[in-house]
1. In nm, to one decimal, how far is the modelled label at ARG66 from the one at VAL80, with both set 7 Å along Cα→Cβ?
2. Specify, per residue and in Å³, the volume enclosed by the convex hull of the alpha carbon atoms belonging to segment 1-80.
3. What FRET efficiency do you get for ALA10 and ALA36 if R0 is 41 Å and r is their Cβ-Cβ distance, rounded to the nearest 0.05?
Amino acid sequence: MMIKVDDPLAPVAEVLGLVAERISAGRNRVIDLRDAVTRELELHPFRTLAVAAGAGYLLAGGLFSRLTLRFISFGARLVVLPVIAAELAGGRREDDEDDDEDASSHRHNQRRARSASTITPEPQT
């Protein structure tokens, strides 16, 4: 930014030019943001509503409230309990699979024994 000594309004004109550029850039950013929010609202209205409600809750000071603590503990239970149940059921499934393999090999051996006893040898000529 060059300041000319002979023109007292030159610095003011430069500053006003910079302010006008920044206002224009800010206006364009706001328009882009508005368009993005409008697009998101049209594509995913319920998600947009949930985000807006969450942002309002946080801005209203709800982050460190008892209700937030209850939500977090409830959400943790929703996530942790199915994982624990799946792990416990996974261990049982492996045991059940071993039992199923033993039972199926036992059935296979029984069928083989029955079929061997029903086969009659061909007479030799």
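The numbers here are math on the coordinates, done by the rules we state, and not lab data. Note that this is a predicted model, so its numbers are computed, not measured. As a convention, Cβ positions derive from the backbone with ideal geometry for all residues, glycine included, and neighbour counts pool all protein chains shown.
1. 2.1
2. Cα-based convex hull of segment 1-80, divided per residue, equals 168 Å³.
3. Efficiency at R0 = 41 Å is approximately 0.55.
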